[in-house]
1. Condition test on TYR253, is it more than 20 Å from PHE24 (Cβ to Cβ), open to solvent by 50 Å² or more (accessible area, probe 1.4 Å) and among the aromatic types (Phe, Trp, Tyr)?
2. Which count do you get for residues in segment 126-173 that are within 16 Å of the ligand (Cβ to nearest atom), among the aliphatic types (A, V, I, L, M) and touching a helix residue (DSSP H, G or I) at 6+ places or on another chain (Cβ under 9 Å)?
3. Which of the residues spanning segment 94-108 are crowded, with 18+ Cβ neighbours inside 10 Å and in a helix (DSSP H, G or I)?
4. Of all residues in segment 181-208, count the ones that are under 26 Å from GLU110 (Cα atoms), assigned to a loop (DSSP other than H, G, I, E, B) and either without any contact (Cβ under 8 Å) to a residue 60 or more places away in the chain or aliphatic (A, V, I, L, M) (or both).
5. Is it true that GLY80 is open to solvent by less than 30 Å² (accessible area, probe 1.4 Å), modelled with pLDDT of 95 or more and within 13 Å of the ligand (Cβ to nearest atom)?
6. With respect to LYS289, is the statement that it is in a helix (DSSP H, G or I), charged (D, E, K, R), over 15 Å from ALA225 (Cα atoms) and open to solvent by 80 Å² or more (accessible area, probe 1.4 Å) true?
7. Checking THR235 against (1) in a loop (DSSP other than H, G, I, E, B); (2) under 22 Å from ALA186 (Cβ atoms); (3) open to solvent by less than 20 Å² (accessible area, probe 1.4 Å), which single condition isn't satisfied?
8. Tell me the residue from PRO64, PRO58 that is over 19 Å from SER129 (Cβ atoms) and touching a Leu at 6+ places or on another chain (Cβ under 9 Å), please.
Amino acid sequence: MPKLETEIAGIKMKNPVMVASGTFGFGKEYAEYIDLNKLGAIVTKSITLKPREGNPPPRLVETPAGMLNSIGLENPGIEGFLAEELHFLAKFDTPIIVNIAGESIEEYAELAKILSREPTVKGLEINISCPNVKKGGMSFGMDPKLTAEVIAQVRKSALSLPIIAKLTPNVTDITVIAKAAVEAGADALSAINTILGMAIDIETGKSRLGTLTGGLSGPAIKPIALRMVYEISHTVNVPVIGIGGIVSGQDAYEFILAGAKAVQVGTANFIDVEAPLKIIKELEAYLNKDLPG
Ligand code: DHB
């Protein structure tokens, strides 16, 4: 029988296929269609200390082989998350990883402290890579010194909770950031977040998003993501979670071959609610080399 079970920084998973932050909400909508117990892990939408309304619409634009988003970290804030969302996720036998974001290092540290008291939370993913906010987000993850400061503070505040630093591709050399995050105490890395992009409406001459720019995701970014996951996993000694345009078991297997220990499925969730389940099955066949032909 195939062995799909794996483990990332002490987080035990039935399989290496997780769902990516911001593409799965807090699980409720998907639970109507698929069995969340079958997923490797669920990563929540980013949580901030205070609730956020997010950016003005339009927030999504379809592009060739991908999409641009500019959500702006809309979320209910930590109190709303704990009161309204976490108890639903607690029902499932699937590790819950909470993605956290902040405008200051103190905000990240405070979130880590609060979440470290929640037994349902099995890990934190540190979003130092959101491209759609004026303060914080990607500006931390583009600078190795700031990356190290955020991760070191979160490491202290999170106590024994595993922490995963989610890296931005919007840098010249992602291995510099990866090293900074690991030296500061990240137990694992996830990569890549979205690539900063733009779409212009030729009728108005203006951006097709409510903001000027947005984050590009989907199959269009897969070759870049694979290259970066390869670079990171050949540089650091912590597990790497591959993300970027995975829509099939073959895509997931390519990330594993590039050095990832697990993967996250993001944009594919918007195309097919069953995408992560299909990817688990297909990946199982690849890992068993039990392929037709
Ligand atoms: C948002 C978008 C992203 O691509 C991301 O990585 C994090 C947050 C957002 O706009 O909310």
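The values are calculated or read from the model by the stated rules, or taken from the named source; none is laboratory data. Note that the structure is a prediction, hence the values are computed from the model and not measured. Positions of Cβ are backbone-derived with ideal geometry, glycine not excepted, and every protein chain shown enters the neighbour counts. Only protein heavy atoms, including side chains, enter the accessible area calculation; ligands, DNA and RNA are left aside. Shrake-Rupley method; radii C 1.70, N 1.55, O 1.52, S 1.80 Å.
1. Spelling it out, it is not the case that TYR253 is more than 20 Å from PHE24 (Cβ to Cβ), open to solvent by 50 Å² or more (accessible area, probe 1.4 Å) and among the aromatic types (Phe, Trp, Tyr).
2. 8
3. Matches in segment 94-108: GLU107, TYR108.
4. 4
5. Here the answer is no, as GLY80 does not meet what is asked.
6. no
7. Going through the list (1) in a loop (DSSP other than H, G, I, E, B); (2) under 22 Å from ALA186 (Cβ atoms); (3) open to solvent by less than 20 Å² (accessible area, probe 1.4 Å), THR235 breaks only (3).
8. From the options PRO64, PRO58, the qualifying one is PRO58.
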